[in-house]
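Following: one structure in structure tokens, then a few remarks.
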Amino acid sequence: MHDVAVVGGGPAGSHVAARLVRLGYDVVVLERKQFLSEPVCCTGIISRECATTFAIDEDLIFRWANGARLFSPSGEVIRLWRPEPQAAIVDRVSFNISLASRAQGRGAHYLMGTQVRTVSVYDDRVTIEGSCNGEPLSIEVRVAVVATGFSLGFVEGLGLGRIGDSVPGVQVEVSAPGIDDVEVYCGQEVAPGFFAWLVPTSPGCALVGLLSRRSPGTYLDRLLESLEAQGKVVSTNSEPLHWGIPLKPLPETYGQRLVVVGTAAGQVKPTTGGGIYYGLLCADIAADCLDRALAVDDLSARRLARYEREWKKKLGRELRVGYWARKLYERLSDRQIEKIFDIMQSSGIIEDLQEAEDLSFDWHGGVVSRVFNYRVFLRTIAAMNIPASLMKRLTGRGRGGGQTT
């Protein structure tokens, strides 16, 4: 019997596996893909904080970004920029391989091409059944870590509830010579309620994608046509990849002999859909909690509840504030988005945000709180007939309150 089975060999799964192996446990990783070199549905943008905290190898980084250009529906541009790099654009395929190699180098055993059908929890073990390269598979472990990424049906089958809100995304690789900045496009005609992106990767190449609750493929086709007409994109280099992003966390991320980490748990920034850093942070928390539980052979739900308390202490407020900021944005018309662009530029809010040393690429709750402390911004939002309940969730004060800044 293995000590731990990790279902999923993405960043969060491989990281928790590496941590647990290093602590002396017997770990097996069950990965659906036959090869980790297969394409990944992700833009690969991580913060400088993430790259430093988790010692990301420079060889995995396509380029560093000091900021981004945000386009309003009419084409007005806000440039967010700082003198020092704020984010790294990593090769996501190589990043996955690197983290898996790190775990394997420490002793984790990877079973590639594994389809997990059931995870059955008993008083003294967890039984996992499925197939590996077409052959039946059945293994027993002391505890299971679920790190499957966005997999609604599988996660729901664990009996921990279901992700309460999610959005589909689509992305394609393109030839885009001359594109050096990350570009973000807003507007109901571009990506209804969400946003689209053009992210430069290796020289001459970029990723184009978007999130949209309806018809993401159709909106991607329109976006590509527009970018080609502008001369930003020359050609499409791959078939579109489709995936889903959770906007709210799983109601429960632990159970008897079971924890869920990363995107599978909904540990994702609702504002941008980025999940790498939060997933790695929660993988660390999971590894520490599992180490303590395994050491005393107490893998009860009561014991593992500590994992959820600790990750929510670190990320809970960020996820709540980010989600309600996301819901507010979804309600805005193009005209209202234009108004916000105008206010942000004319009032000096953008300059203040860029000069604020305490604001971070990863921690968006502080950005939201600071923006809502500008009375001119609050007045603008209040005039848009945003429900008072939503305003209260974002500000804690109800409609029209706030400080003069």
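Just so you know, all these numbers are worked out from the coordinates, no wet-lab data involved. Remember, predicted model here, so these are calculated numbers, not experimental data. So basically every Cβ, Gly included, is an ideal-geometry build from the backbone, and we count neighbours across all protein chains shown.
Helical content alone sets the calculated 222 nm signal of the chain at -11500 deg cm²/dmol, taking -39,500 (n - 2.57) per DSSP H segment of four or more residues and averaging over every residue. Here's how it looks for Cys205: its modeled amide H is under 5 Å from those of Ala176, which are all 5 or more places away or on a different chain. For Arg63, nonlocal amide neighbours, meaning residues 5 or more places apart or on other chains whose placed amide H falls under 5 Å from its own, are Ile89.
For the chain, averaging the sequence separation of C-alpha pairs within contact (under 8 Å, six or more residues apart) and dividing by the residue count gives a relative contact order of 16 percent. Counting beta carbons within 10 Å around each of Met391, Met1 and listing the fewest first gives the order Met1, Met391. Just list whichever of Lys232/Lys327; Lys312/Lys339; Lys248/Lys314; Lys33/Lys232; Lys312/Lys392; Lys314/Lys339 have alpha carbons separated by over 26 Å in the model shown. In this structure, Lys232/Lys327; Lys312/Lys339; Lys33/Lys232; Lys314/Lys339 exceed 26 Å between Cα atoms. Given +1 at the Cβ of Lys and Arg, -1 at the Cβ of Asp and Glu and no other charges, the dipole of the stretch 82-233 around its Cα centre is 280 debye to the nearest 20. Per-peptide packing, taken as the mean over residues of other Cβ atoms within 10 Å, places 238-244, 309-315 in the sequence 309-315, 238-244 from highest down.
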